[in-house]
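In what follows, a single structure is set out as C-alpha cells and then discussed.
Each reported figure results from applying straightforward, stated rules to the coordinates on display, with no laboratory input. Note that the structure is predicted; figures quoted are calculated from it, not measured. Counting neighbours? That spans all protein chains shown, and the Cβs are built from the backbone with ideal geometry, glycine included.
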Amino acid sequence: MFGGGLYDLVVQPPTIVTVSRRIFFFYPYHTDEQLLGESLLFMILLSMGSLGIFLVNRCVTHIYSRRLSSIILIGGIALFVVAVLGVYMLLKIKFSPVV
C-alpha cells in the first residue's frame, strides 16, 4: 500500500498514456500523478527492499550454520541493492526530459 495502492483504488489511473503518438507507462515530469504500472512496479521494488532488509536481519539474529547464514546475507543484500537501483532508475526515467 505504500507504493500507491490506495491511490490506485481511489483514483483508478489509466494503465498507459499516449503523448504525440508515443506510448508512456509513466507521466513524465508529473510528480503529482502516476499510472497503474508505475505504482505496481514501485510496490514490487519496495517489497523486494523490505524482504532484503528482513533477510539480513534474520541472518544476523538466527545463526544456525555459517554457510546458510552467509547465503541468506548475500541474498538479502542483493535484493536490497536491486530494489534501490530499480527505484533510482524509475525516478530517473520519470524525471527525464521528453524528447
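Could you work out the percent of alpha carbon pairs in region 14-99 separated by over 17 Å, rounded to a whole number?
56
Set Lys and Arg Cβ to +1 and Asp and Glu Cβ to -1, take the dipole of region 5-94 about its Cα centre, and tell me which of Met89, Tyr27, Ile16 lies farthest positive.
Projecting each Cα onto the dipole axis, the largest value belongs to Met89.
With +1 assigned to the C-beta of every Lys and Arg and -1 to the C-beta of every Asp and Glu, and no other charges, what is the dipole magnitude of the chain about the Cα centre in debye, to the nearest 20?
Dipole size: approximately 440 debye.
List every residue whose amide H lies under 5 Å from the amide H of Tyr27, counting only residues 5 or more places away in sequence or on a different chain, with H placed 1.01 Å from N in the peptide plane.
Leu35
Expected output is a single nm value to one decimal: the length gained when fully extending between His30 and Ser70, i.e. 0.36 nm times separation in residues minus the C-alpha distance. What is it?
Net length gain for the segment: 10.2 nm.
List the trypsin sites (Lys or Arg not before Pro) within region 16-70 that DSSP assigns to loop and that have no more than 15 neighbouring Cβ atoms inside 10 Å.
Loop-located and lightly packed - Arg21.
For Cα pairs less than 8 Å apart in space and 6+ apart in sequence, what is the mean separation divided by the residue count of the chain, i.e. the relative contact order in percent?
Across the chain, relative contact order equals 29 percent.
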